[in-house]
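K.L.:
Before anything else, here's the structure in question.
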Amino acid sequence: MEIKINGQTADITIENENTAGEVMAALEHWLSGLGHRITGISVNSQKIDAAMLNDEFFAKQISEIKVLDVYTSPFSGLAAESLAILLSDIEEYEKLGFEEKKEFFDSWNNKTHVNFAREHMSDLYNLYLNTLSGGEINPRVVFSITEERLRETKDPVTEFSNMQVLITEICSLLCDLPLDIQTGKDAKAAQTIQLFSGIAEKILRLLKQLDIQGLLNTDKETGKQLTSLINDFNDLSKQLLDAYEKYDTVLVGDLAEYEASPSIQELYNSIKKSINKPAEVVNK
């Protein structure tokens, strides 16, 4: 069986796979590691649509397949396309009347880009689910969050670099947190915790995006160091948030000033050093 990826014969050796389903599962796993998703399949020059991806197809013996054509798209491209359509959904929704909004939601929830968001951006999908079903979250808030996600997807290197100001600010706020708690500045303390949580989530989202797009140094030692830093940071973040929820003011102050502040700065710096900037396109 000859396997083609986007029209080009791939140097892939079939080892233990015997059926089309086993081959497809192996290809999907391999392509996922390269930041790609399968968007189309053709067997012996016959296009396989969604209705044909059934048990009969997956059970087909590879001896029956002469040529398997697999078409892929970069995950980042699919995500950007989905996010762009979601932005237009919000704009369309805002122009509708009450009854029209209900009808819009009923049809919206089954669209392809929505299914993609549901599977790969569940937190964002849940915001849309709330807003478009008449919930309390303002459409403009969801629009702004989606714009941010689109920037992260289209240019994660620039978006990460632009976080330097936020990192400096949150480190300062974390160092001030013990005094804020002692002097009864509860509102400021709550804002600091909320900002820390948001920045931490953004760092991890961008780290994933950089990795998917092949923009991270994949050197074994560098990867090991980053993984260790991320695990330690996740544990620390959980401790800080748990302590805050329990109103353990002494522990919150110590964790914020002496551990969370230097930890988030170290993680940011380490990721920044590990970024491989995309090659510039030279016009000839």
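K.L.:
Quick check on my link table: of LYS60/LYS111; LYS154/LYS273; LYS47/LYS111; LYS185/LYS246, which ones sit more than 26 Å apart, alpha carbon to alpha carbon?
P.N.:
Pairs exceeding 26 Å: LYS60/LYS111.
K.L.:
Can you give me the three principal axis dimensions of the chain from its C-alpha atoms, in Å, biggest first?
P.N.:
75, 57, 47
K.L.:
If you fit an axis through the alpha-carbon atoms of helix 122-132 and take the longest principal axis of the Cα set of the chain, what angle between them do you get, 0 to 90°, nearest 10?
P.N.:
80 degrees
K.L.:
About its Cα centre, what dipole magnitude does the range 77-154 give when the only charges are +1 on Lys and Arg Cβ and -1 on Asp and Glu Cβ, stated in debye to the nearest 20? Mind showing how you got there, number by number?
P.N.:
Values: 9 positive and 15 negative charges, 31 e Å.
For this selection, approximately 140 debye.
K.L.:
Still on this structure, please answer the following. Compute the distance from the alpha-carbon center of the range 225-243 to that of the range 187-213, in whole Å.
P.N.:
Centre-to-centre distance over Cα atoms comes out at 12 Å.
K.L.:
Taking the Cα atoms only, what angle lies between the long axis of helix 261-274 and the longest principal axis of the chain, rounded to 10 degrees?
P.N.:
The angle comes out at about 30 degrees.
K.L.:
Sum up the charges of everything whose Cβ sits under 14 Å from the Cβ of ASN110, counting Lys and Arg as +1 and Asp and Glu as -1, but leave ASN110 out.
P.N.:
-2
K.L.:
By average Cβ neighbour count within 10 Å, what is the ranking of 185-192, 28-35 from highest down?
P.N.:
For the peptides 185-192, 28-35, the packing ranking is 185-192, 28-35.
K.L.:
Grab the other residues whose beta carbon is less than 12 angstrom from that of GLN194, score K and R as +1, D and E as -1, and report the net.
P.N.:
Details: positive: LYS188; negative: GLU201.
With Lys, Arg at +1 and Asp, Glu at -1, the neighbours total 0.
K.L.:
Where does each of 114-123, 6-15, 174-183 land if you order them by average Cβ count within 10 Å, highest first? Please list the in-between numbers first.
P.N.:
Numbers: 114-123: 15.8, 6-15: 10.2, 174-183: 18.0.
Peptide ranking by packing, descending: 174-183, 114-123, 6-15.
K.L.:
On to the next question. Could you give the spread of the C-alpha atoms of the range 123-181 along their three principal axes, from largest to smallest, in whole angstroms?
P.N.:
Projected onto the principal axes, the Cα atoms of the range 123-181 cover 42, 33, 16 Å.
K.L.:
Specify the angular offset, from 0 to 90 degrees and rounded to the nearest 10, of the alpha carbon long axis of helix 98-108 from the longest principal axis of the alpha carbons in the chain.
P.N.:
Taking the Cα atoms of the chain, the angle to 98-108 is about 50 degrees.
K.L.:
Would you please state the base-10 log of I(q)/I(0) at q = 0.19, 0.22 1/Å for the range 77-154, with intensities from the Debye formula using one equal scatterer on every alpha carbon?
P.N.:
So the normalised log intensities are -0.73, -0.99.
K.L.:
Taking just the C-alpha trace of the range 10-94, give me its Rg and Dmax in Å.
P.N.:
Answer for the range 10-94, Rg first and Dmax second: 16.2, 54 Å.
K.L.:
Near ASP69, within a Cβ-to-Cβ distance under 12 Å, what is the net charge of the other residues, with Lys and Arg +1 and Asp and Glu -1?
P.N.:
Summing Lys and Arg as +1 and Asp and Glu as -1 gives +2.
K.L.:
Between their Cα atoms, which of LYS95/LYS208; LYS208/LYS238; LYS101/LYS202 are more than 24 Å away from each other?
P.N.:
On the way: LYS95/LYS208 35 Å; LYS208/LYS238 20 Å; LYS101/LYS202 31 Å.
Distance filter (> 24 Å) returns LYS95/LYS208; LYS101/LYS202.
No lab work stands behind these numbers, since they all come straight from the coordinates. Keep in mind that this is a model prediction, so the values were computed, not measured. FYI the Cβ positions are ideal-geometry reconstructions off the backbone, even for glycines, and counts take in every protein chain you see.
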